[in-house]
Amino acid sequence: MTPLYELHDLKQSYRKETLTLDISELSIRSDGITGLVGPNGSGKSTLLKVLSFLMPYDSGTLLYRGEPTAGRESAIRREVTYLLQNSFLLSRSVYENVAFGLKLRRTEPSEVKDRVCESLARVGLDPAEFASRQWYQLSGGEVQRAALAARLALRPRVLLLDEPTANVDEASAQLIMAAAVTEAEEHGTAVIVATHDMPWLYEMSAEIIGLYRGRVTAGAENILQGGWKPEGGHMIRSFPGGQTVYAERTEADAGRAAALDPSDVRVALSRPQQTGSVNIAAGHVVHLTLERGRNSVLVTADVGGSFLKARVPEGDPLCRELYPQREVFFIFPYSSVRWL
Amino acid sequence: MDFIANGFVQAFHLLFTADEETMVILVTTLRLTALSMALILALGLPMGFALGYFTFPGKRALCTVTDTLLALPTVVIGLLVYAFISRRGLLGDWELLFTVEGMAIGQVILGTPIVAAYTASAVEGLDSRLRQTLLTLGASGAKLAAVSLWEARFMILTAALTALGRIVGEVGSAMMLGGNIKWHTRTITTAITLETGKGDFALGIALGVILILISLLLNISLSFLRRRTQN
Ligand SMILES: Nc1ncnc2c1ncn2[C@@H]1O[C@H](COP(=O)(O)OP(=O)(O)O)[C@@H](O)[C@H]1O
Ligand SMILES: [Mg+2]
């Protein structure tokens, strides 16, 4: 299957000195839910705006369904739609907001009405009550849901959601996430969602992409940020409580943040023998999550106040021995800590 | 103070009997205001939209010019336009001096910067998310501009009403360019000036009451709009 998007050497910056996006290679699948994770300021919103053709990029290539996109942006915008991080409504009624894109597409008036009501119902806004409300007569969560309804009504091929639940009430958050799942599973829409809701992503998404300072990392990657000091031939980072992690030395000042793929971390229930250049970190299990996309269990442990993740295959007998609060040992070679 | 009380009594008489001179003054004012407002909006809205929406070299300078025009005293506008449309002026052949059309030129110069400046700041102040929202819902080109203006509609109406308030209450350039000719170019404000000068308060008060009613109406509408834009 052709990927939905293929990015190659894509660079984007708001200011001269700093690259906001620096993506050497990335492809995004055309079915199911793809998660986009990363700390604030890592470039998630910027990437989603590039993918929805709202923002130009400086250099590199971006293929959409296997084809170059230059010059076709406004045509593609008709099938790709983006829900802003702080979405907002046009100064008109809820009905007119949801109908706006449909009317632009010259949809039949009777169909406009049907689709508006259907979309509002899908996000839990009763059309009889909400369609005639003005834009300023809604709560924050209702604004977000009405804005989502305006996107769903368009029956998009690609739906990009930018932290859709970050600033809404709990009930709205659940309705929004449920609508996203329905959209992907029943309507076959490719849904790409930036979110901090990892448990939801582990359960629902087919793939998780991580971003860190504009670069792609594995989705569930551990980020060990700050506190690195050179010592001898290594870099050392200590955790509160006295444990330390070693990494291989790099040139100059690259050692500010490092990534550690959970797949590179082995889990043991008792402290193993220290051998060679291998880190052993002791901690307590915080939670276990089933990763639907890859048939594995992600083990999160509290190591001196920081959360570290390790990945265990679903069939591994070890899985049966793991439970919250259980003491575990994470084992990973110095060389698996990669500098970002 | 008897003459004032007397003036009020006569004023109501003039208004309720639809005194011919009073009515002609009102109609002239209406004609002048309608003509001026049409031109002010036709010029000011596109100018303001361009100033607020696009970035281009010289934009800052243009904004400064607009802001300066905002503060131009009406007699100076009167003087400048007079110089152009008097017999010896560049546009002398058009015989605009002492006509309603000539007066309209002064009012347009007075009102256009107001509408342009307000529209520019309204469009500039539009939420940065508006453009992205419109694009992602499929709008482009002229539709983008039209919806943006529509989003700013309350601010733009405020601009129009502010300009309207300024031009109906203005006396300096109307006097110089219209000449305050009875039955022809006499407007509410120029008539009040003249009648007061003559010591005839009745007509002055009658027209003054109308002017106050107009500003009251404008202000009520403006405060309604202000509440609307704050939502
Ligand atoms: N309009 C903008 N102008 C300048 N810098 C911006 C703008 N938007 C975002 N940035 C910068 O780009 C980086 C990535 O931001 P963003 O894409 O919003 O990250 P995220 O959505 O992951 O929080 C941040 O460092 C932010 O400061
Ligand atoms: Mg963001």
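The values are calculated or read from the model by the stated rules, or taken from the named source; none is laboratory data. Here the structure is a predicted model, which is why all the values come from computation and not from measurement. Methodologically, a virtual Cβ is constructed for each residue, glycine included, from the backbone with ideal geometry; neighbour enumeration extends over all protein chains shown.
Assorted remarks:
One line per residue, one yes/no per condition, for (1) out of contact with any strand residue (DSSP E or B) (no Cβ under 6 Å at 6 or more places or on another chain); (2) crowded, with 16+ Cβ neighbours inside 10 Å; (3) more than 19 Å from A:Thr61 (Cα to Cα):
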site: A:Asp9; (1), (2), (3): no, no, no
site: A:Gln12; (1), (2), (3): no, yes, no
site: A:Arg15; (1), (2), (3): yes, no, yes
site: A:Thr20; (1), (2), (3): no, yes, no
site: A:Ile28; (1), (2), (3): no, yes, no
site: A:Val37; (1), (2), (3): no, yes, yes
site: A:Ser42; (1), (2), (3): no, yes, yes
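- Restricting attention to the stretch A:145-176 and to residues that are away from ligand 1 (no atom under 16 Å from the Cβ) and of a type in the set (S, T, N, Q), the residue that is nearest to the chain's Cα centre (by Cα) turns out to be A:Gln174.
- From the list A:Arg157, A:Arg145, the lone residue that is surrounded by fewer than 24 Cβ atoms within 10 Å (Cβ to Cβ) and away from ligand 2 (no atom under 16 Å from the Cβ) is A:Arg157.
- Qualifying residue in the stretch A:130-137 (condition: part of a helix (DSSP H, G or I), on the phi < 0 side of the Ramachandran plot and charged (D, E, K, R)): no
- Criterion: in contact (Cβ under 8 Å) with a residue 24 or more places away in the chain, more than 30 Å from B:Glu21 (Cβ to Cβ) and among the aromatic types (Phe, Trp, Tyr) - qualifying residue of B:Phe201, B:Phe154: B:Phe154
- Residues that are away from ligand 1 (no atom under 16 Å from the Cβ) and surrounded by 17 or more Cβ atoms within 10 Å (Cβ to Cβ) within the stretch A:183-205 comprise A:Glu183, A:Ala184, A:Thr189, A:Ala190, A:Val191, A:Trp200, A:Tyr202, A:Met204, A:Ser205, listed in sequence order.
- Subset of the stretch A:161-206 (residues that are in a loop (DSSP other than H, G, I, E, B) and within 16 Å of ligand 2 (Cβ to nearest atom)): A:Glu163, A:Pro164, A:Thr165, A:Ala166, A:Asn167, A:Val168, A:Thr195, A:His196, A:Asp197
- Which listed residue is away from ligand 2 (no atom under 16 Å from the Cβ) and at the interface with chain B (Cβ under 9 Å from one of its Cβ atoms), from A:Leu120, A:Leu90: A:Leu90
- Filter result for A:Arg106 (among the basic types (Lys, Arg), in a loop (DSSP other than H, G, I, E, B), more than 16 Å from ligand 2 (Cβ to nearest atom) and over 30 Å from A:Asp9 (Cβ atoms)): yes
- The stretch A:66-104 - residue that is within 21 Å of the chain's Cα centre (by Cα) and farther than 20 Å from A:Ser119 by Cβ and, of those, nearest to ligand 1 (Cβ to nearest atom): A:Gln85
- The numbered conditions (1) within 14 Å of chain B (Cβ to nearest Cβ); (2) at pLDDT below 90 are all true for A:Met55 except (2).
- Looking only at the stretch A:19-50, and only at residues there that are near ligand 1 (Cβ under 8 Å from one of its atoms), in contact with a Ser or Thr (Cβ under 8 Å, 6 or more places away or on another chain) and part of a loop (DSSP other than H, G, I, E, B), the one that is farthest from the other protein chains (Cβ to nearest Cβ): A:Gly38
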